1. Out of A:ILE33, A:ILE113, A:ILE29, A:ILE10, report the one residue that is within 14 Å of chain B (Cβ to nearest Cβ), without any contact (Cβ under 8 Å) to a residue 12 or more places away in the chain and part of a helix (DSSP H, G or I).
2. Give A:ALA398, A:ALA374 a once-over and let me know the one that is free of Cβ contacts under 8 Å to residues at least 60 places away in the same chain, farther than 18 Å from A:ILE304 by Cβ and in contact with a helix residue (DSSP H, G or I) (Cβ under 9 Å, 6 or more places away or on another chain).
3. If only one of B:PHE23, B:PHE51, B:PHE36, B:PHE46 is in a helix (DSSP H, G or I), away from chain A (no Cβ under 14 Å), crowded, with 19+ Cβ neighbours inside 10 Å and out of contact with any Cys (no Cβ under 7 Å at 6 or more places or on another chain), which one is it?
4. Of everything in the range A:36-72 that's β-branched (Val, Ile, Thr), over 17 Å from A:GLU3 (Cβ atoms) and more than 14 Å from chain B (Cβ to nearest Cβ), which residue is surrounded by the most Cβ atoms within 10 Å (Cβ to Cβ)?
5. Which of the residues belonging to the range B:83-109 are more than 14 Å from every other protein chain (Cβ to nearest Cβ) and either surrounded by fewer than 11 Cβ atoms within 10 Å (Cβ to Cβ) or of a type in the set (Val, Ile, Thr) (or both)?
6. Would you check which residues across the range A:272-315 are more than 16 Å from A:ILE425 (Cα to Cα) and either modelled with pLDDT under 90 or of a type in the set (Gly, Ala, Ser) (or both) and list them?
7. Name the residue, out of A:ILE150, A:ILE142, A:ILE155, that is modelled with pLDDT under 90 and either among the aromatic types (Phe, Trp, Tyr) or surrounded by fewer than 19 Cβ atoms within 10 Å (Cβ to Cβ) (or both).
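The values are calculated or read from the model by the stated rules, or taken from the named source; none is laboratory data. None of the values given here were measured: they were computed from a predicted structure. Quick reminder, even Gly has a Cβ in these numbers, built from the backbone with ideal geometry, and neighbours come from all protein chains shown.
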Amino acid sequence: MSEHLTIYPILVHLITAILLLFFWMNPKIQRYISIVGSAAGIVIGGLLFSRVWENGIQSIQLGNWEAPFGISMVADTLAVSLILLTNIVAFALSIYSTENMVSSRVKFGYYAIFHFLIMGLSGAFLTGDLFNLYVWFEVIIISSFVLLTIGGRKIQIEGAVKYFTLNMISSIIFLTGIAMVYGATGSLNMAELSRIIPEIENKGLMQTISLIFFIGFGVKSGVFPLYFWLPASYHTPPAAVSALFAGLLTKVGIYAMLRVFTLIFPLGETNQIILMIIAGLTMFFGGIGALVQKDMMRVFSYLIICHIGFMVGGLSLFTEVAIVGAIMYMFHDIIVKATLFMLGGVMFRIFGSTRLYNMGGMMDDYPKLSFLFAIPLFALVGIPPLSGFWPKISLFSASYTAGEIAMLVMFIFASLITLVIIAKIWNKSFSTSDPKRERKLSFKYFNDFSFAEKAAYVAPIILLVGVTLYYSFFAEHFQMVAERIGEELMNTEHYYNAVYGIKEVSEL
Amino acid sequence: MKSLILHTISITLLPLLILFSVFVLLRGHYLPGGGFIGGLIAAIAFILHAFANGLKETRKVLRIHPGFLIPVGLSIAVLSALAPILMTGDPLMTGLWYDKDIAILGKIGSALFFDTGVYLVVVGVCLTIIFTISESV
């Protein structure tokens, strides 16, 4: 049974979701099931990670069909580390949702859909088949659409329409790309494609297909010209949902790019330049957008876009150091962005609003919470030794050694603009004195919460901040993982051999 | 809708359509058909009944809340996918087949149970949606 461990990260959330559906009308039990299910997810993620770390890439052929004909599930170091991080964030959010989600929303199936979404994410990370990747993307989109609209406020529906339309279009573009790949090569197995594509004569066609994929994934991850669905929708749902989206959804697009542009279509010079320009513009417009926003959740949404640029930029340089930097950044970003939106949810409870001019005096009223919140905020900027600092070293040095000074300038610009924005938020909401706010009636402020309710809000944040601190002070562990991922991504024969069950002579 | 013709025929059609949906479900392995389309046909049977006799009557015929069919169907599908892991140690979703023929059904295997799960999920989802819409109108 344990030889099928590769598939269990998907199954654990599927089974949890089914159990939750049985308890449709009982929010209380649902909360416990969800927490237990997510905890089991962490355990399985950890087991799979340690197995891949010790024994190299694991693969499994669904339905026992031989490799290029069936669907392969491949757990390489990139996939399992993302699964582990996803499950950690999911666990934190399961706890966070117990108070952040009112029972009426839970009765619409919030938890079940939440676990379907995590299942979709795990599936997307694990699959070794392009069409299967598309199917997991659909699972993710449909679940996230439900999560966005649960509650049915007008602003939510408005955001969801934009979100859904653009993601649907990107799916169609992705599907078109898949059809073209299949037409050109007759296979959709990623490992097999990595061998077929380099031998195809028609380089122009392959170039076109790779750009079609880039557009498809780019919309999902929110890169420059097509990002506007993201700030339009991410601030509308409750904080738990926003945190889930912010931490994980855009990263799936980045994951798909990392996979496709290393394994199937290794970046050529033209694509590198295109990706570089787009990464630079993404950082620029995301940063400028964040600068002018007046609502904290919207500021964070724009910061997501800004920081996607770091990962795309790292990929576009296409050296091992740069990819290691991009992956390190992704690890850091998943944890920190989820924390930021959860923290936004707490501030909403404290101030009754997320608009910046309604905030102030956090430091006087809640000194301990302020200290806790300072860590993710400053980690985002990358103040040493916090987690944002380490990936930036790799990215800066990689762009310098590659001679891409423009890219280096953009990286530094984005870091500085993040600093400015965080300083602005810090000044406005933490250190200035309390503006005399009107207390909204019939609104439950953070002060009014019982200890258990406060704990449900703050404990998951402490958990994720703990992970951030671990990352900050033991960055060499993450560096080691990222270096191994970089090695695996750049040398595709490891992946190929794992899928086809070819024993490698020398261990990694 | 009060119509004597529709009312009379819906009572006859309900069992017929359900029987037909099961037939479509069973032939699905090698021929056109299967759990999805079978589920749709079964859902149509109940929706037609609801048109002719009102939602209350249909709920009485159905006895359980259609939403309950969703997790039941999903569990059957997941168990059939898990069966090879638990029984023979093969990867997820490997087809397991019982060697002997069974009357009417033919050869049965884990694929049939998977399709049955899909059938139930489709019936559950369709009826939940349609019932919710027609209740709110």
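1. After applying the criteria, what remains is A:ILE29.
2. After applying the criteria, what remains is A:ALA374.
3. When all the criteria are applied, what remains is B:PHE46.
4. A:ILE42
5. B:ASP99, B:LYS100, B:ASP101, B:ILE102, B:ALA103, B:ILE104, B:LEU105, B:ILE108
6. Listed by number, the residues that qualify are A:ALA279, A:GLY280, A:GLY286, A:GLY309, A:GLY313, A:GLY314.
7. Only one candidate passes the filter, namely A:ILE155.
Table: residues versus (1) under 24 Å from A:MET328 (Cα atoms); (2) over 18 Å from the mean Cα position of the chain (by Cα); (3) not hydrophobic (A, V, I, L, M, F, W, C).
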position	(1), (2), (3)
A:GLY45	yes, no, yes
A:SER72	no, yes, yes
A:LEU82	yes, no, no
A:ARG105	no, yes, yes
